[in-house]
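Presented below is the structure to which this report refers.
The values are calculated or read from the model by the stated rules, or taken from the named source; none is laboratory data. All figures in this text were calculated on a predicted structure; none of them were measured in a lab. In this analysis, Cβ positions are derived from the backbone assuming ideal geometry, glycine residues included, and neighbour counts consider all displayed protein chains.
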Amino acid sequence: MESIKFILVGFGHIGRRHATVIHEYPEAELVAICDVDPELERHELYPQGVPFFRTFEDVLSSGLKADVVSICTPNGLHIPQALLAIRSGHHVLIEKPMGLSKQACEQAIFEALQYDRQVFVVKQNRYSPPVKWLRQMVLEERLGRILNVQINCFWNRDDRYYAQRSNSGSVNWKGTKDLDGGVLFTQFSHFIDIMYWIFGDIKAIRSRLYNFTHVHNTEFPDSGTACFEFIKGGTGTINFSTSVWDRNLESSITVIGEKGSVKIGGQYMNAVEICHVQDYTFEPLPETNPPNDYGPFQGSAANHHYVIENVVRTLNGRDRITANMLEGMKVVEIIERIHASALE
């Protein structure tokens, strides 16, 4: 099959994960990496032989040919860089979140359709065995009518996290409204995506947001709760915080249905903790991949090899997009509505 050529924009923590997977994937080729910090070309994880550029514009003017631009920069740069990639004839892979506003995401969708380009959004937790299992349980209606869904996301992001230097080696983008956007975008959008992917859209949102321990280093709340109704029926809540002391506590989803109850728990929704369902016997699932490790902090499951595989196979006509641009925009829109409800 044809080798799919990638340009990587952003060589921070998650960008290095993309670079490693792309560089090692047999049907992919990493043709360029760009980052504003020239020191990163000497990073121990920098793939040998891949040209380094300071800006995406420099890559485009170099004449290098590529199929996909993988965007791993601060959240607020995702859409502007995606638009530049689309207009230059590239497909796009965007790290979560797709953007920081529905309006910006709509512009990217409009131009992708104009230029006939594919936009992939990274939602690697969809590949987690417990998450796939729960979705199948709901699709097969094994739980009957869904009555209540509760999502708890309790992580640690303290001064160690917000004091980290940005790729430029100077100003830290984490904690800013215009480039970070808030904990629902940066830390917990994967779990909102799981909720949307399994149970659909929500309405009648009533939310409250608080900043308990990050007033000195963020421009947005660190904790909150939202209650809502699912359009398909049933009620739900999200409780979230990055004020947990020292390390992550849990990311869990509990589902109450008329025919049973299930709970996926652990730090990253990585384990089935409860399965009590009428006429159903739970069978052990494949082991969940470990989380992405960022030193004192850990992220969601290290499933990016599935994401890159999906991009390559889709562009070669052997698969379809796991998380498309409309779904990426929908998660952003749900977060926006949670924020807006709190302001009301």
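Tell me the residue from Ile264, Ile256 that is more than 23 Å from the chain's Cα centre (by Cα), at negative phi and part of a strand (DSSP E or B), please.
Just a single option satisfies the conditions, and that option is Ile256.
As an exercise: evaluate Gly182 against (1) closer than 23 Å to Gln267 by Cα; (2) surrounded by fewer than 20 Cβ atoms within 10 Å (Cβ to Cβ) and give the number of the one condition it does not meet.
(2)
Residues Leu143, Leu84, Leu113: which one is in the same structural domain as Gly200 (by TED's automatic domain parsing) and not charged (D, E, K, R)?
Unique residue meeting the criteria: Leu143.
Looking at segment 150-162, I want the residues that are modelled with pLDDT under 95 and have a partner that is buried (at least 20 other Cβ atoms within 10 Å of the Cβ) with Cβ atoms under 7 Å, at least 6 apart or on another chain. Which pairs are those?
Tyr162/Gly175; Tyr162/Thr218
Select from segment 41-51 the residues that are of a type outside the set (Val, Ile, Thr) and either loosely packed, with under 12 Cβ neighbours inside 10 Å or under 20 Å from Ile308 (Cβ atoms) (or both) and list them in ascending order.
First pass over segment 41-51, keeping only residues of a type outside the set (Val, Ile, Thr): 41-49, 51.
Result: Arg42, His43, Glu44, Leu45, Tyr46, Pro47, Gln48, Gly49, Pro51.
Looking at Arg145, Arg157, Arg135, Arg208 in this structure, which one is among the charged types (D, E, K, R) and in contact with an Asp or Glu (Cβ under 6 Å, 6 or more places away or on another chain)?
Values: Arg157 fails: in contact with an Asp or Glu (Cβ under 6 Å, 6 or more places away or on another chain); Arg135 fails: in contact with an Asp or Glu (Cβ under 6 Å, 6 or more places away or on another chain); Arg208 fails: in contact with an Asp or Glu (Cβ under 6 Å, 6 or more places away or on another chain).
None of the other options fit; the residue is Arg145.
Which residues, counting only those in segment 60-78, are buried (at least 24 other Cβ atoms within 10 Å of the Cβ) and outside any strand (DSSP E or B)?
Cys72, Thr73, Asn75, His78
Please state which one of Leu93, Leu143, Leu77 is in contact (Cβ under 8 Å) with a residue 60 or more places away in the chain and within 30 Å of Gly260 (Cβ to Cβ).
Going through Leu93, Leu143, Leu77 in turn, the sole match is Leu143.
Identify the single condition in (1) of a type outside the set (Lys, Arg); (2) within 23 Å of the chain's Cα centre (by Cα); (3) under 25 Å from Gln124 (Cβ atoms) that Glu219 does not satisfy, given that it satisfies every other one.
Going through (1) of a type outside the set (Lys, Arg); (2) within 23 Å of the chain's Cα centre (by Cα); (3) under 25 Å from Gln124 (Cβ atoms) one by one, Glu219 breaks only (3).
Counting only residues that are surrounded by fewer than 19 Cβ atoms within 10 Å (Cβ to Cβ) and either β-branched (Val, Ile, Thr) or under 20 Å from the mean Cα position of the chain (by Cα) (or both), how many does segment 331-344 have?
Pass one, segment 331-344, residues surrounded by fewer than 19 Cβ atoms within 10 Å (Cβ to Cβ): 333, 336-337, 340-344.
Of the ones still in play, those that are also either β-branched (Val, Ile, Thr) or under 20 Å from the mean Cα position of the chain (by Cα) (or both) are 333, 336-337.
The total comes to 3.
Cβ-Cβ below 8 Å, separation at least six or inter-chain, first residue in segment 202-231 and farther than 15 Å from Leu184 by Cα and without any contact (Cβ under 8 Å) to a residue 40 or more places away in the chain, second of a type outside the set (A, V, I, L, M) and outside any strand (DSSP E or B): which pairs?
Taking only residues 6 or more apart or on different chains, the pairs are Phe212/Asp222; Ile231/Gly200; Ile231/Asp201.
Quick check on Glu106: is it closer than 16 Å to Val331 by Cα, surrounded by fewer than 21 Cβ atoms within 10 Å (Cβ to Cβ) and touching a residue at least 12 places away in the same chain (Cβ under 8 Å)?
On the way: closer than 16 Å to Val331 by Cα: yes; surrounded by fewer than 21 Cβ atoms within 10 Å (Cβ to Cβ): yes; touching a residue at least 12 places away in the same chain (Cβ under 8 Å): yes.
Yes: the conditions hold for Glu106.
Name every residue in segment 285-305 that is assigned to a loop (DSSP other than H, G, I, E, B) and modelled with pLDDT under 95, in order of residue number.
Pro286, Glu287, Thr288, Asn289, Pro290, Gly295, Pro296, Ala302, Asn303
Residue-by-condition table, conditions (1) hydrophobic (A, V, I, L, M, F, W, C); (2) closer than 17 Å to Gly181 by Cα; (3) assigned to a strand (DSSP E or B):
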site	(1), (2), (3)
Arg206	no, no, yes
Pro221	no, yes, no
Glu229	no, no, yes
Asp246	no, no, no
